[in-house]
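A quick write-up on the structure given underneath.
None of the figures in this text is laboratory data; all of them are computed from the coordinates on show. Since the model is a prediction, treat every value here as computed from it, not as a measurement. So basically every Cβ, Gly included, is an ideal-geometry build from the backbone, and we count neighbours across all protein chains shown.
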Amino acid sequence: MNLGDKPWRMRQGALDLPVETQFGRADFLVSDSNRAAFELIERWPDWPARALVLYGPAGSGKTHLAHLWCERSGANLIAGDAAAIGEPAELPPALAIDDAERAPERALLHLYNLCLERGGSLLLTMPAPPASLLMGLADLASRLRALPVAGIAPPDDGLLAAVLVKHFADRQLRVAPEVFAYLIPRIERSFAAAASLAARLDKYALETGRPVTIALARTVLAEID
């Protein structure tokens, strides 16, 4: 096996494999907490308006849904903090801005106006609905607060377990069902907590050369507490 220049490390008999997050349709986990948002993405271009705000907590799948929408609509996806004022020679038929709350306000207003003036569609992802965010530009605030929104709620037990399964799969870790049954009642009910726990268990398993078992999970949870 030729490892080439990839960042693979051997440590106590284990390979530290790069984490590859999958953004395909089959990788998105639908439940009651995100079904309305998912169905709106699937309905495009049959939206109530040409722009939509998708909001939810960190790790809830907003970026994943943005990727699915880009695949469906032919949109370009840009990070909010990379948004800039300019006149693209050829604007795509749709544009998605991830973490739009991080965008410079004038740049965000410019892209909003430009996209809609040219008959395009716009998807913005944010941690909360625009009405709850402080914005300095009145024109931007009024435009965003008038948009339809789709929210993602905190996960229920079923979705939290499925999210953990996906995080472990992305890290190429095999974890027995009894480990999930042990973890679910004991962790914070949030997507961010599930992601953090998977990362810590992965790191601990790699460093110690141990599989992810209930005993290892107990040790990591005790350290978090």
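Annotations for the structure displayed:
- Dipole moment magnitude, nearest 20 debye, the chain about Cα centre, only Lys, Arg, Asp, Glu C-beta charged: 340 debye
- Estimated distance in nm for a label pair at residue 71 and residue 132, the labels positioned 7 Å out from Cα along Cα-to-Cβ: 2.9 nm
- Within the chain, longest stretch clear of exposed GluC sites (Glu not before Pro) (DSSP loop, no more than 14 other Cβ within 10 Å): 91-187
- Angle between the chain longest axis and helix 214-224 axis [Cα atoms, degrees, rounded to 10]: 60 degrees
- Under 5 Å between amide hydrogens, built in the peptide plane, is the criterion, and for residue 51 it picks out 122 among residues at least 5 positions away or on other chains.
- Region 29-151 shape via C-alpha gyration tensor axes, a/c threshold 1.5: oblate
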